[in-house]
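Visitor: Shown below is the structure under consideration.
The values are calculated or read from the model by the stated rules, or taken from the named source; none is laboratory data. Predicted model, so just to flag it, every value in this text is computed and none were measured. FYI the Cβ positions are ideal-geometry reconstructions off the backbone, even for glycines, and counts take in every protein chain you see. All accessible areas refer to the heavy atoms of the entire protein, side chains included, with ligands and DNA or RNA removed. Shrake-Rupley method; radii C 1.70, N 1.55, O 1.52, S 1.80 Å.
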Amino acid sequence: MKHSIISIFFLVACVVPVLAQRNIARLSGRVTSGDGAPVMYASVFLKDTRHGAMTDSDGVYNLSAPVGEYVLQVSVMGYKTVQRKLSLRGRQSLDMVMEINTVKLEEVVVTGKSTVRQVNETAFNVVAIDARPLHNTSMSLSSALDRVSGVKIRETGGVGSRAQISLNGFSGRHIKVFMDGMPMEGMGSSFQLNNIPVHLADRVEVYKGVVPVELGADALGGAINIVTRQARSTYVDASYSFGSFNTHKSSLNVGLATRAGLLFQVAAYQNYSDNSYKVKSKLLDLTTNSYSIEDRWFKRFHDNYHNEAVILKVGVTRKAWANRLLLGVTLSQEKADIQNANLMKIVYGGRVRRASSVIPSLNYEKRDLFTDHLNVSLTANYSLSRNNNTDTMARQYNWQGEYRKKSSRGEGSYSMSEYNNSNFHAMANFNYRPSRSHGFALNNLFSGYSRKATDAVANTENSTAATFMRRTNTKNVAGLSYRFIPSERWNVSAFFKRYDVKVRGPVNVSTTSTNVYEEQQRSFSTDGYGLATTFNAAGIQFKASFERSYRLPSENELFGDESLETGDVGLKPENSRNVNFNISYSGAEGKLHSLYLDFGLIYRDTRDYIRKQIEQRYGGAYYTNHGKVRNVGLDVEARYFYKSLFSVGGNLTYQDIRNMERYAVGGAELIYYKDRMPNVPYLFGNVDVAWNFTDFPGKGNLLSIGYNARYVHSFFRSWESEGGDIIIPGQLSHDLSLTLSFRNGRYHLAAEIRNITDEILYDNYSLQKPGRSAQIKVRYSLFK
């Protein structure tokens, strides 16, 4: 089937040839700012004509028009409009340099639609964070995402804790995460959203609902694409922050670009924290082995975390044979103490996990390959990660740090296991635009995963027949799309996806209480499809889409994490019928006021929903297919700007996620039929306010003050119909930040206070997050 899709694509490319006429000229070039950075999504057009284009993420544009005399005009928000007279003949190249306007776009903290100029030409609903203004904060990427409408980041603790993304009712692995278009699956726990600093990104794109085939995703409810620094300039950017709970974060970014088109980039960062914040939980009496009735306050005593990462890239740009070729390698490592299980009351004092990863990568891009408007990108990476989980103490701890000796080793489940995970991704993207009204895209993403025990001695004491069995998972997702653009106001996209997966791993085939494992292989193939459209009228944009999509089980769901989670090789892929509707308005009154409004509706009918469940006795977790789940929800966002001096905005998300599986396997009616799905917030939102004072406290300086509030309504931790004390209470937290930038943005000093009122905050199964905390950060940045 995959070969058939490729054949169809190239057949279409032949049937719809580009007939180059003698009186048609072609113009291409690159738009940059004064520091050499690409200006993305700028409008490039021939004045008083309908011939134009938009720059891509590299600032490159391509347009065609009849031979003649023209005025080329380039404009984009935040920059001064530039014009150039030219005589257009044959093939020409013209680069343009833009000056930053007095009203700086980067002074706005969160630009919910900062990349919407490109997205407005498509039917895909995308919200983006311009990450550059957040570079002065000590945020991780996950913290930045938590401000986006419809997105809820669910963490299990402090710095380095595991984080799950909830997007319009889907969470965790239902949402696919990409970095520069490549999946982050398999990159290892030491290089994930919860520990990557926000300064690594230029922007973060959040796709709600339908995901374009160019990302090659088997996403069920959306995707997130982190776009890293793409500047073709020489720069140095260094920072250090210190905060509560003995938290230290530092980073260094260095880039060198030569006139010959050579690129060298180095990015390094480290995170450290004791995570010694206080939590409220029940105390275990080690004598009676019973828990206290009342909750008490305790200080976390075994939760140190540190990780380090280095990203190296070298390559070339603007060559005849490659618009961009980058070779890179990412090295990362982490060490994390494990303080508690998935239930807060179960405490550990000696469990530790370690991980390290090596990730070589390749990225190749070529525009106008063989023919005009045929653009190709090839990307690949290989991740080799080593994981060690140590649980050897014959002890049982309580929250006071006291312990009693046990007759068996291991606080939870005895382990000295070491595992190697290897993950390979290769993706090819072909985009062909034979005319302004038609566009085709073909994408193929192949990924392979394997896990094996690497230290037979370490695994000897607690190994089973399954320990050394193969664990492999290979997936191929191919997609073909067609885009019809009859006018600038209306366009429609149709797409088709093919999913193929093959899983091999241990399966318990016993019918008794004694486990008997057998290595088995299972395969699955199916098709998905969808349609998306958008229409613009008088500043109001309408979007609608339908998709039948599949989400293939992840490695952790299939094989567990060898620590607190158990996998199931027999899990079925999730499938869903998704409907999305969105209406937005963006307008300005003169140069002083601007307003943005957005309203979205979603409907999800999901089958074989993969749900994480918690084992109550030991606090472990496992995954099951749940059957039928329905989600009806809405997103509302409003944002007001007064020049670049003041902004206020907020968003609210409601999602009604219900269990629609009426009968159990034996035929009995389930008591929780039509209950809300447990441990999933259904009402939450954000409010943010920002003030900017230019030339304060002197010319060339900038003072920024920001306020952010988060609200999560109370929700059930378990099934509502089961009753009992199972509600996670409502939460309201407040953050305040102050940033001083000196010497036109070369030096920065920032201070933050999070959770000002010291509220008790939970995300998952009452796993408490840090209380009030403060951070101070200094940063130096130089761009040439």
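Visitor: What whole-number value in Å² describes the accessible area per residue of the chain for a 1.4 Å probe?
Guide: In whole numbers, the chain has 43 Å² accessible per residue.
Visitor: Then there's this: With no solvent and one point on each alpha carbon, what is the Debye value of log10 I(q)/I(0) for the chain at q = 0.07, 0.10 Å⁻¹?
Guide: Values returned for q = 0.07, 0.10 Å⁻¹ are -0.52, -1.11.
Visitor: How much solvent-accessible surface does residue 345 expose, in Å² to the nearest 10, with a 1.4 Å probe and all protein chains in place?
Guide: Near enough 80 Å² of accessible area.
Visitor: I'd like to compare 257-265, 509-517: which one has the highest average count of other Cβ atoms within 10 Å, and what's the full order after that?
Guide: Most protected by this proxy first, the peptides run 257-265, 509-517.
Visitor: Right, next: Apply 1/(1 + (r/R0)^6) to the Cβ-Cβ distance of residue 601 and residue 520, taking R0 = 45 Å, and write down the FRET efficiency to the nearest 0.05.
Guide: Numbers: r = 42 Å, r/R0 = 0.94.
Calculated value: 0.60.
Visitor: Which percent of the accessible area of the chain is formed by carbon and sulfur heavy atoms (probe 1.4 angstrom)? It would help to have the intermediate numbers written out before the result.
Guide: Numbers: 18910 of 33550 Å².
So the carbon and sulfur contribution to the accessible surface is 56 percent.
Visitor: Still on this model: From the residues 513, 325, 346, which one has its Cα farthest along the dipole of the chain in the positive direction, the dipole being from +1 and -1 charges on Cβ of Lys/Arg and Asp/Glu about the Cα centre?
Guide: 325
Visitor: Ok, one more. Just read off the accessible area of residue 450 with the full protein assembly in place, 1.4 Å probe, to the nearest 10 Å².
Guide: Accessible area, nearest 10 Å²: 40 Å².
Visitor: Can you tell me the length gained on complete extension of the stretch residue 354 to residue 709, counting 0.36 nm per residue apart and subtracting the Cα distance?
Guide: Numbers: separation 355, 0.36 × 355 = 127.80 nm, distance 3.45 nm.
Contour length minus the Cα-Cα distance gives 124.4 nm.
Visitor: Highest mean first, what order results for 125-136, 702-713 on Cβ atoms within 10 Å?
Guide: On the way: 125-136: 23.5, 702-713: 17.9.
Most protected by this proxy first, the peptides run 125-136, 702-713.
Visitor: Report the relative contact order of the chain, percent, no decimals, based on alpha-carbon pairs under 8 angstrom and at least 6 residues apart. Write down the numbers at each step before the final one.
Guide: Details: 2204 pairs, mean separation 76.5, N = 784.
The normalised contact order for the chain reaches 10 percent.
Visitor: I want to check the label-to-label distance for residue 513 and residue 80. Put each point 7 Å from Cα in the C-beta direction and report it in nm to one decimal.
Guide: 8.2 nm
Visitor: Further, regarding this structure: Quick one: Debye curve from the C-alpha atoms of segment 214-267, no solvent, what's log10 I(q)/I(0) at q = 0.14 Å⁻¹?
Guide: These q points yield log10 I(q)/I(0) values of -0.67.
Visitor: With θ taken as phi - 60° and the coefficients 6.51, -1.76 and 1.60, list the Karplus ³J(HN,Hα) couplings across segment 419-435 in order, rounded to whole Hz; mark glycine and proline as x.
Guide: For segment 419-435, the Karplus-derived couplings read 9, 9, 10, 10, 9, 10, 10, 9, 10, 10, 10, 10, 10, 10, 10, x, 7 Hz, x marking Gly and Pro.
Visitor: Still on this structure: When ranked by the protection proxy of mean other Cβ atoms within 10 Å per residue, highest first, what sequence do the peptides 424-437, 86-99 form? The partial results should precede the final answer.
Guide: Numbers: 424-437: 18.4, 86-99: 13.8.
Answer by packing, highest mean first, reads 424-437, 86-99.
Visitor: What distance in nm separates the simple spin-label points at residue 734 and residue 670, each placed 7 Å from Cα in the Cβ direction?
Guide: The two pseudo-label positions are separated by 4.2 nm.
Visitor: Something else: So what's the angle, to the nearest 10 degrees on a 0 to 90 scale, between helix 2-15 and the longest Cα principal axis of the chain?
Guide: With rounding to tens, the tilt is 10 degrees.
Visitor: Using θ = phi - 60° and the Karplus relation 6.51 cos²θ - 1.76 cosθ + 1.60, list the HN-Hα couplings for segment 85-96 in order, rounded to whole Hz, with x at every Gly or Pro.
Guide: Couplings: 6, 7, 9, 8, 9, x, 10, 9, 10, 8, 8, 10 Hz.
Visitor: Quick query: amide H of residue 718 versus all other amide H atoms, modeled in the peptide plane; which residues come in under 5 Å with a sequence gap of 5 or more or a different chain?
Guide: For residue 718, whose amide H was placed from the backbone, the distant partners under 5 Å are 679.
Visitor: Can you compute 3J(HN,Hα) from phi for each residue in segment 136-151, using the Karplus curve 6.51 cos²θ - 1.76 cosθ + 1.60 with θ = phi - 60°, rounded to whole Hz and x for Gly and Pro?
Guide: Per-residue couplings from phi come out as 7, 8, 9, 5, 8, 4, 5, 5, 5, 5, 5, 9, 8, 4, x, 10 Hz.
Visitor: How much accessible area does residue 598 have with a 1.4 Å probe, in Å² rounded to the nearest 10?
Guide: 10 Å²
Visitor: Continuing with the same structure: How many Å³ per residue does the convex hull of the Cα positions in segment 593-724 occupy?
Guide: Numbers: hull volume 21.5 nm³, N = 132.
Cα-based convex hull of segment 593-724, divided per residue, equals 163 Å³.
Visitor: Another question, then. In deg cm²/dmol and to the nearest 500, what is the mean residue ellipticity at 222 nm of the chain if only DSSP H runs of at least 4 residues count, each as -39500 (n - 2.57), divided by the residue total? Mind dumping the intermediate values first?
Guide: Numbers: 5 runs with 33 residues, N = 784.
It comes out at -1000 deg cm²/dmol, rounded to the nearest 500.
Visitor: Taking amide H atoms as placed 1.01 Å from N in the peptide plane, list the residues 5 or more away in sequence, or in a different chain, whose amide H sits under 5 Å from that of residue 153.
Guide: 166
Visitor: So what is the orientation-averaged projected area of segment 508-549, using the convex hull of its C-alpha atoms, in nm²?
Guide: Details: hull surface 24.7 nm².
For segment 508-549, averaging the hull's shadow over all directions gives 6.2 nm².
Visitor: Still on this structure: 5 Å is the cut-off here: which amide hydrogens, built 1.01 Å from N in the peptide plane, fall below it relative to residue 182, excluding neighbours closer than 5 in sequence?
Guide: none
Visitor: Farthest toward the dipole's positive end in segment 633-784, which of 660, 750, 672, given Cβ charges of +1 (Lys, Arg) and -1 (Asp, Glu) about the Cα centre?
Guide: The Cα lying farthest towards the positive end belongs to 750.
Visitor: From the protein chains alone at 1.4 Å, what is the descending order of accessible area for 294, 722, 555, largest first?
Guide: Details: 294 130, 722 105, 555 20 Å².
The ordering from most to least exposed comes out as 294, 722, 555.
Visitor: What distance in nm separates the two pseudo spin-label positions at residue 643 and residue 542, each 7 Å out from Cα along the beta-carbon direction?
Guide: With each label point 7 Å from Cα toward Cβ, the separation is 3.8 nm.
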